1. W233 fails exactly one of the following numbered conditions: (1) open to solvent by less than 20 Å² (accessible area, probe 1.4 Å); (2) more than 13 Å from ligand 1 (Cβ to nearest atom). What is the number of that condition?
2. Exactly one of (1) over 22 Å from C81 (Cα atoms); (2) open to solvent by less than 30 Å² (accessible area, probe 1.4 Å); (3) of a type in the set (A, V, I, L, M); (4) within 15 Å of ligand 1 (Cβ to nearest atom) is unmet by I134. Its number?
3. Which ranges mark the helices (runs of 4 or more DSSP H) fully within the stretch 173-246 that have 3 or more residues being under 14 Å from the mean Cα position of the chain (by Cα) and not polar (S, T, N, Q)?
4. Residue check: is I169 within 22 Å of H140 (Cα to Cα), open to solvent by less than 20 Å² (accessible area, probe 1.4 Å) and in contact with a strand residue (DSSP E or B) (Cβ under 7 Å, 6 or more places away or on another chain)?
5. Select from the stretch 213-230 the residues that are away from ligand 1 (no atom under 14 Å from the Cβ) and closer than 18 Å to T149 by Cα and list them in ascending order.
6. Can you pull out every residue in the stretch 175-199 that is within 23 Å of L50 (Cβ to Cβ) and open to solvent by 40 Å² or more (accessible area, probe 1.4 Å)?
7. Take residues that are of a type outside the set (D, E), under 16 Å from F164 (Cα atoms) and over 16 Å from the mean Cα position of the chain (by Cα) and tell me which of the helices (runs of 4 or more DSSP H) falling wholly in the stretch 50-126 contain 3 or more.
8. Pairs please, first residue from the stretch 91-110 and more than 17 Å from V182 (Cα to Cα), second anywhere and not in a strand (DSSP E or B), Cβ atoms under 7 Å, 6+ apart in sequence or on different chains.
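The values are calculated or read from the model by the stated rules, or taken from the named source; none is laboratory data. Everything quoted here is computed from the prediction, not taken from an experiment. In this analysis, Cβ positions are derived from the backbone assuming ideal geometry, glycine residues included, and neighbour counts consider all displayed protein chains. With ligands, DNA and RNA removed, areas are computed over all heavy atoms of the protein, side chains included. Shrake-Rupley method; radii C 1.70, N 1.55, O 1.52, S 1.80 Å.
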Amino acid sequence: MFYFLSKNFWGDPWLVAMFLASVLVIIFLRYVFVAYFYNKIFRAITKSQLNIYLTKKKQVIKEIKWSFISSGIFTVYGALCFWAYQQGYTSIYEEVSAYPIWYLCISPLLFLFFYETYYYWLHRWMHRPGIYKIVHHVHHQSIDTTVFTSFSFHPLEASLQFLFFPIAIFFIPMHYTIVLLVLTILTLSAVINHSGMEIFKKSFLLKNIIGFSHHHLHHVEFKTNYGLYLTWWDKWMRTESKTPLE
Ligand SMILES: [Zn+2]
Ligand SMILES: [Zn+2]
């Protein structure tokens, strides 16, 4: 396993294939486990009787199939990023002391804000009629979303969304633990936004951070709430829904 940390394995096609297969399994299982357990825990907390595996069985199966393809695309990007990191081409660093501690603290916020900006404008573009039919319709097939909708994209949409990562790691210096942190935040945020349960309730968070009710309105109203995890761009561009959040 640790042989993958050395640069030499890229010369061996068998090891590269094993590496890609392992990354694919890890990325796909991460999605399935996070979605499954998030759903299980919050259904238990809210004492909800709704069983998505019975009531939305066909939709969930379809979402998991698309998500497997998205996992494959993320695997390719992930492998490219890992290769570039090993060659020393990226701005990812290992020594905490390489940058001031204040930078370490703001670097995830920097990444998340730039990704939010990228996603908001990409999302607006994907809703243009000609583009929508080809790129974005798969994600919108789920109107009443489930935790499994979180990674359910057409391969073109997945390619465009994830393209930000290989670009960002060249330009935004981040400690490798911060890279893992932002990936975890993105995974959780996507599941929260499609989960069918609002966890932020009527709080300061609900006004600034996108939860289920905000993103649900996007799936229902279609022309509002394009943001990913911050409501800011929708507020600034006046695309936020007028429907009150629950
Ligand atoms: Zn959309
Ligand atoms: Zn969605």
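1. That leaves (1) as the condition not met.
2. It fails just one condition, (2).
3. Details: elements: 176-194, 204-208, 212-221, 232-236.
Correct list: 176-194.
4. Numbers: within 22 Å of H140 (Cα to Cα): no; open to solvent by less than 20 Å² (accessible area, probe 1.4 Å): yes; in contact with a strand residue (DSSP E or B) (Cβ under 7 Å, 6 or more places away or on another chain): yes.
No: the conditions fail for I169.
5. Of all residues in the stretch 213-230, those away from ligand 1 (no atom under 14 Å from the Cβ) come to 213, 229-230.
Hits for the stretch 213-230 are S213, Y229.
6. L188, I199
7. Details: elements: 52-55, 57-86, 101-126.
Result: 57-86, 101-126.
8. Short answer, once both residue conditions are applied: Y99/P173.
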